[in-house]
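Input: a single structure, listed below in structure tokens.
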Amino acid sequence: MNSAATTFNVGDDASDRQYRAILSFNTASLPDNAVVSRVTLKIRKQAQVGTDAFSTHGGLLVDVRNPFFGASVNLEVGDFQASANKLAVGTFGVMPASNWYSVYLNAAAFPFINKTGVTQFRLRFQKDDNDDSGADYVKFYSGDYGTVSARPTLIIEYYTP
């Protein structure tokens, strides 16, 4: 766990322990009466270690939590196992465009977009590991990466009645 790292890992390590990631977005700028119609989450690949986890670990899933996983908005070890409001609200595509992976979250996620604060997403592969005793993970740029244009992006489309 490193809340200040410029990258995050998703996949498994050499001991076949799963890497998960938590992404946090301030969604308080949404109007109170916003009706969410589409949510897109984008992450940019920095590197790959070992076998391509997209080919061995199943889909890269997104869980959602409003307002946050665990006891506070700050990243804590327990966040990675904490309950979600909704599990698997989206699965990233396996073919990136210019190293960007994107997912449209399904409508089951929309009620959990927080209009008054933070919304968090947890990323995890469908399979926790591939039992090969080798590190197989993908590194993505985090929200702490120096170049803003490479950071994870949340796009919320909405209308107001």
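The values are calculated or read from the model by the stated rules, or taken from the named source; none is laboratory data. Just so we're clear, the structure is a prediction, and the values are computed from it rather than from any experiment. Heads up, the Cβs are rebuilt from the backbone with ideal geometry, glycines too, and the neighbour counts pull from every protein chain shown. For the accessible areas, the whole protein counts, side chains as well, though only heavy atoms, and no ligand, DNA or RNA atoms are used. Shrake-Rupley method; radii C 1.70, N 1.55, O 1.52, S 1.80 Å.
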Query - Charge sum, other residues only, whose C-beta stays under 14 Å from Ala97's C-beta, Lys/Arg counted +1 and Asp/Glu -1 - result: +3
Query raised in the report: In terms of modelled amide H atoms, which long-range or inter-chain residues lie less than 5 Å from the amide H of Asp12?
Result: Tyr19, Asp136, Tyr137
**Report entry** Where labels lie 7 Å past Cα in the beta-carbon direction, separation of Asn74 and Ala108 in nm
**Finding:** 3.3
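At a 1.4 Å probe radius, which order do Arg65, Arg124 fall into by accessible area, largest first? Please list the in-between numbers first.
On the way: Arg65 60, Arg124 35 Å².
The most accessible residue leads, giving Arg65, Arg124.
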Report task. Mind giving me the nanometre distance, one decimal, between the label points for Ser29 and Lys42, set 7 Å out from Cα along Cα→Cβ? Result -> 1.5
Report summary line: Within the set Asp32, Asp128, Asp136, GNM on the chain using Cα springs under 10 Å gives the largest fluctuation to Asp32
**Report entry** Distribution of pairwise C-alpha distances over the chain, 5 Å bins, in %
**Finding:** 2, 9, 18, 22, 21, 15, 7, 3, 1, 0, 0
Report summary line: Hits in the stretch 44-71: amide N under 15 Å from the 7 Å Cα→Cβ extension of Val94, namely 51-61
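So what's the net charge close to Leu87: Lys and Arg +1, Asp and Glu -1, counting the other residues with Cβ under 11 Å from its Cβ?
Numbers: positive: Arg65, Lys86, Arg122, Arg124; negative: Asp63.
Combined, the nearby Lys, Arg, Asp and Glu give +3.
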Query raised in the report: Under a Cβ-Cβ cut-off of 9 Å, what is the net charge of the residues other than Phe112 that fall near it, where Lys and Arg count +1 and Asp and Glu count -1?
Result: +2
Report task. Leaving ligands, DNA and RNA out of it, rank Val49, Val36, Val77, Val10 by accessible area with a 1.4 Å probe, largest first. Result -> Val77, Val49, Val36, Val10
**Report entry** Anchor Lys86: lysines whose Cα lies under 24 Å away (excluding residues fewer than 8 positions away in-chain)
**Finding:** Lys42, Lys115, Lys127
**Report entry** Cα gyration tensor category, rounded, prolate or oblate, for the stretch 1-62 with a/c compared to 1.5
**Finding:** prolate
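For the stretch 28-157, with every protein chain kept in place, what is the accessible area per residue (1.4 Å probe, Å²)? Provide the component values of the computation, followed by the final result.
On the way: 6110 Å² over 130 residues.
So the stretch 28-157 comes to 47 Å² accessible per residue, rounded to a whole number.
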